[in-house]
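Only one structure is covered here, and it is reproduced in the block below.
The values are calculated or read from the model by the stated rules, or taken from the named source; none is laboratory data. As the structure is a computational prediction, the values presented were derived from the model and not from experiment. Ideal geometry is used to build each Cβ from the backbone, glycine not excepted, and the neighbour counts take in all protein chains shown.
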Amino acid sequence: MAEQELSPQERYEQALAKLKGKQRRFVEEYLLCLNASEAARRAEYKDPGQAGYENKKKQEVAAAISAGFAAQAMPPSEVLARLAAMGRGSAYDIVTIYESPLQDVTGEPILDKGGQPIVRHFPSLDLKKAHDAGILHLVKKVTYTAHGPSVELYDAQAALALIGKHHGLFVEKIDISRQEIEAFLDRLKHNLSPEEYARIVALAAGGATSSD
């Protein structure tokens, strides 16, 4: 397989295969902790500080680390997909609605005017539901208060704004009237040479939309 056809993960594995023993372990640990001395300690070097410093200067080790970062990086399509998931996120995704019939002091159900039991609905945080649906990453924070758990999802509006910006949906358009253009050009006419003035008039005629 040609080099240019390899995926980032395959390039990383190829670079890692060129290393042996502790150097290979050093690269793997460095990508986890991002600290050369700690990575060398985990790789069981006798002098982690010195080994970490020397390993990062070695060409093949540095190449494997660089390839590892590339393999871990998020491609543009995944960035948009994750933003889209945030934009579509809803509290319904992490909440289960339970029913509980209202009862009187004797334990009998309380009925409405039609003779039907009155049922109370209440939401309950359900992180297992979110986990099983593969959307637990949409939960930014869970805190527990005297009134029960409080859940914060990632900002859907901010995610939608970023997606809209990526697609150029919010480009500001300025509508300039013909009268405003002519007044502006008239002011410029006294400060420009005939050639400069002619160029500006040509640009204005070709690039402006008029609204009388």
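The C-beta contact set for the range 102-124 (first residue not assigned by TED's automatic domain parsing to the domain that holds H147, second residue in a strand (DSSP E or B) and among the polar types (S, T, N, Q), distance under 9 angstrom, 6+ apart or interchain) is empty.
The helices (runs of 4 or more DSSP H) found entirely in the range 1-114 that carry 1 or more residues being more than 22 Å from the chain's Cα centre (by Cα) are 8-17, 21-33, 36-42, 48-57, 59-72. The set of residues from the range 58-90 being loosely packed, with under 13 Cβ neighbours inside 10 Å and over 22 Å from P8 (Cα atoms) comprises just one member, S90. Restricting attention to the range 128-142, which residues are of a type outside the set (K, R), more than 15 Å from A91 (Cβ to Cβ) and not in a loop (DSSP other than H, G, I, E, B)? Matches in the range 128-142: H131, D132, H137. Could you tell me whether E99 is in contact with a His (Cβ under 9 Å, 6 or more places away or on another chain) and surrounded by fewer than 17 Cβ atoms within 10 Å (Cβ to Cβ)? Spelling it out, E99 is indeed in contact with a His (Cβ under 9 Å, 6 or more places away or on another chain) and surrounded by fewer than 17 Cβ atoms within 10 Å (Cβ to Cβ). Remark: pairs (first residue in the range 6-26, on the phi < 0 side of the Ramachandran plot and exposed (fewer than 14 other Cβ atoms within 10 Å of the Cβ); second residue among the acidic types (D, E) and in a helix (DSSP H, G or I); Cβ separation under 8 Å; 6+ apart in sequence or on different chains) = K18/E60.
For first residues located in the range 51-78 and within 15 Å of E28 (Cβ to Cβ), partners that are among the aromatic types (F, W, Y) and exposed (fewer than 13 other Cβ atoms within 10 Å of the Cβ) and lie 6+ apart or on another chain with Cβ distances below 7 Å do not occur.
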